[in-house]
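Q: Got a structure for you, questions after.
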Amino acid sequence: MDDDIDARVALWGSACEAVARLLSPHAEVVLHDVRDERVLGVWNPVTRRTAGDRALPGELGPPGRPADDVDGPRETLLPGGRRVSSVSAVLRDAEGTESAVLCVHLDRTPLDRAAAVLTAFAAPAAAPGEQTPLAEGWTRQVDRVIASRVRVRVRARGRPAERLDRTDRLAVLGELERAGVFARRGAVPVVAEALGTSPLDDLRAARRAQGRRGTGLSARVEQVRGARRRSPPRGVLSAYDHPMADMTETTPGWLSPDDLELTRARMPILYVDAVPVRVDDSGEVTHIGLLLRIGPDGSVSRALVSGRVLHHERVREALVRHLEKDLGPMALPRIPVSPQPFTIAEYFPTQGVTPFHDPRQHAVSLAYVVPVAGDCHPRQDALDLVWFTPQEASSPQLQQEMQGGQGVLLRQALAHVGCLS
C-alpha cells in the first residue's frame, strides 16, 4: 500500500466504521481504489475480504459514472450465493478528482422477514368463538393464533418481548395459562418463539405462585401419562426438543418436556446430522450450506442440519424430515434408499470425552453428506442459509463459529468428499 491509499483510509475510515456499526451485523462496508478496483479497507467483512483483494464483479456499479456519483440500490450476488442490496458512491478529493469508491452491501433477508411478520400481524384476527380447523392436527393456523395472543399480552406491558423482565414474563404466562393456551399440545415452543425465551421455568414459577395445579399444560401431561398407563409406550422422543417442529396430533413418539428431560437423564438419544452440499455435473462438491441459528442465550452460530429420530421412524425418513424442516420443501435432497453415514458422532454432556458436546444430553448422531438440487430457503428457527466454497468452509475461523463440536464434524465431511488437501 502506498501513502496515498493509507491517506484515503485515514480520511474516510471513520465514516465507513460508523456506517458498519449502524447496520451491523447485516451490512458490509468496503472502500475501493478507483484505479485498480482493489480493496483499500473492509468494515464488518461479511465476504471475508481484506485490503488488496479485487472488487467483486459488478460491485462498483455499471460502466460509466452516474451524474451524482451515486449508484443504487441494486442487487449484488456475493460469494456463496447470498443476494444483497448494494449502493456505491464515488469519493473525490479537494480538487474534484475521483479518489475512491465506497460500497455498502446490505443483507435484506432480516428486513424481508420482519416485513412478512408485520404483514401477518396486521391481518384481521379471528372472530370470537370462531373454530380453528384441526383436521390436520397442530396446524400453522393454531401457531399464528397462539403467537397473536402472546403479542397482544406483550403489547399490554408497554415494551417489546426482548425487554420484558421476569415479573412481566410471569404475568404474561399467567394470562396465557388462564386463557387455556397451554392446554394445546405444542403451545410451549410457539410461546417460546414469540417471547424469545424458553418459558418452562417461568411457567412453573407462575404456577407455584398462583397455586394452580391440574390445569393447562399440567393437565395435558397427566392426560398423556394416563393414556400410557392404559396402553403400551409409544416412544421416547418429544416434538418440544425442536422449538418449531411441524408435528401433528397423530405423530408418534411425543413426550412432555418433563418426560423428555427424564429420558435424557437415563439413556442416549439418536440424532441425524446432515451437511447439505451443491455438486457439479461430475459429482464434485462446489459449495457447502451452513445454517445461521440463534441460541436460547441469544448467541448466533453456524450449524448443520440436525435433529432427532422419532420412535418408529426410519433414519432416511428422519433425514428427509429435518432437511425439509430447515431448508424448505423445494430443497430436493438426493438421499439414496439406504444412506450410509460418513461418521458417527457421540455427543456427551461432559466436555472432553469426545470432540462433541451437548450440555442437555448424551446423544449419538449419524452424520451424512447430502447433495441438494433445488431452491433452499431457511425455515423454522434458522435465520439464514449461506453457501460456502470448500476452501471457505475449511477455514478454522468459520469452524470456530460452530458450537458443540460441529466444526469438527464439518471438517470430517470435507475430508470424506475429498475437499481437504
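The values are calculated or read from the model by the stated rules, or taken from the named source; none is laboratory data. Note that the structure is predicted; figures quoted are calculated from it, not measured. All Cβ positions, glycine included, derive from the backbone under ideal geometry; neighbour counts span all protein chains shown.
Q: Please find, among Val320, Val305, the residue that is under 14 Å from the mean Cα position of the chain (by Cα) and β-branched (Val, Ile, Thr).
A: Sole residue among the options that is under 14 Å from the mean Cα position of the chain (by Cα) and β-branched (Val, Ile, Thr): Val305.
Q: Moving to a separate point now. State whether the residues of region 387-410 include one that is of a type in the set (Val, Ile, Thr), out of contact with any Leu (no Cβ under 6 Å at 6 or more places or on another chain) and more than 20 Å from Ala331 (Cα to Cα).
A: yes
Q: Turning to a different aspect of this structure: For the structure I just gave you, tell me whether Ser299 is under 26 Å from Pro257 (Cα atoms) and of a type outside the set (A, V, I, L, M, F, W, C).
A: Taking the combined requirement at face value, the residue satisfies it.
Q: Kindly establish whether Gly418 is at pLDDT below 90 and small (Gly, Ala, Ser).
A: Judged against the criteria, Gly418 is not a match.
Q: Taking Pro349, is it farther than 19 Å from Ser301 by Cβ and either surrounded by 14 or more Cβ atoms within 10 Å (Cβ to Cβ) or among the basic types (Lys, Arg) (or both)?
A: In short, no.
Q: Ok, one more. Take the residues in region 306-320 that are in contact (Cβ under 8 Å) with a residue 40 or more places away in the chain and hydrophobic (A, V, I, L, M, F, W, C), then tell me which one is nearest to Arg334 (Cα to Cα).
A: My answer is Leu319.
Q: Let me ask something else about it. Being closer than 18 Å to Glu284 by Cβ and surrounded by fewer than 19 Cβ atoms within 10 Å (Cβ to Cβ) is the filter here, so list the residues in region 355-389 that pass it.
A: Pro371, Ala373, Thr389
Q: Between a first residue in region 357-371 that is closer than 15 Å to Leu290 by Cβ and a second residue that is of a type in the set (Ser, Thr, Tyr) and surrounded by fewer than 19 Cβ atoms within 10 Å (Cβ to Cβ), which pairs have beta carbons less than 9 Å apart while being 6 or more apart in sequence or on different chains?
A: These pairs meet every condition: Ala367/Thr343.
Q: If I go through region 363-402 residue by residue, how many of them are in a loop (DSSP other than H, G, I, E, B) and modelled with pLDDT under 85?
A: Counting residues in region 363-402 that are in a loop (DSSP other than H, G, I, E, B) and modelled with pLDDT under 85 gives 5.
Residues checked against (1) under 23 Å from the mean Cα position of the chain (by Cα); (2) under 15 Å from Val275 (Cβ atoms):
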{"site": "Gly352", "(1), (2)": "no, no"}
{"site": "Arg379", "(1), (2)": "yes, no"}
{"site": "Thr389", "(1), (2)": "yes, yes"}
{"site": "Leu414", "(1), (2)": "yes, yes"}
